[in-house]
Amino acid sequence: KRPTTEAFHEWRKSVKTLFYQSRALELALPSLVVTCRALDDLQEDLGDDHDRDLLQEHLSGLDDPRTAPIVERLVAEKRDRRRRIDENGASIFAPRPRAFHAALTEEWAG
């Protein structure tokens with residue numbers, strides 16, 4: 001809801017936690033294999049977003065006219081990257097937590 005560098009970084013931490021939890025269970029719950037791949041891709045995209053934001057902040061603070069086109073490119077790429085991140089995140093987190101839990105419980109019970 002807050003598309004800030006800090007908010008996306010915090011989201012990445014949560015995605016990584018869920019990724020590691022899912023990965024630990026995927027041997028017993030094969031349905032998590034696809035979820036793990038998607039979570040891993042999402043956390044990589046979020047990490048890339050964070051790295052590029054830090055680079056943009058650094059370059060914006062320099063008094064060097066050569067950095068302007070680089071910053072402009074980073075800003076333009078950010079819009080597309082964040083749209084992709086939002087879409088991927090929405091598809092991963094589309095199931096409500098109770099429905100996700102119920103599906104895993106049912107699979108666990110076999």
Does residue 103 satisfy the condition of being in contact (Cβ under 8 Å) with a residue 60 or more places away in the chain, out of contact with any strand residue (DSSP E or B) (no Cβ under 8 Å at 6 or more places or on another chain) and open to solvent by 50 Å² or more (accessible area, probe 1.4 Å)? yes
Name the one entry in 59, 55, 42, 29 that is within 20 Å of residue 4 (Cα to Cα) and touching a residue at least 24 places away in the same chain (Cβ under 8 Å). 42
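The values are calculated or read from the model by the stated rules, or taken from the named source; none is laboratory data. In this text, all values refer to a predicted model and were calculated from it rather than measured experimentally. FYI the Cβ positions are ideal-geometry reconstructions off the backbone, even for glycines, and counts take in every protein chain you see. Remember, those area values only see protein heavy atoms, side chains included, never the ligands or the DNA or RNA. Shrake-Rupley method; radii C 1.70, N 1.55, O 1.52, S 1.80 Å.
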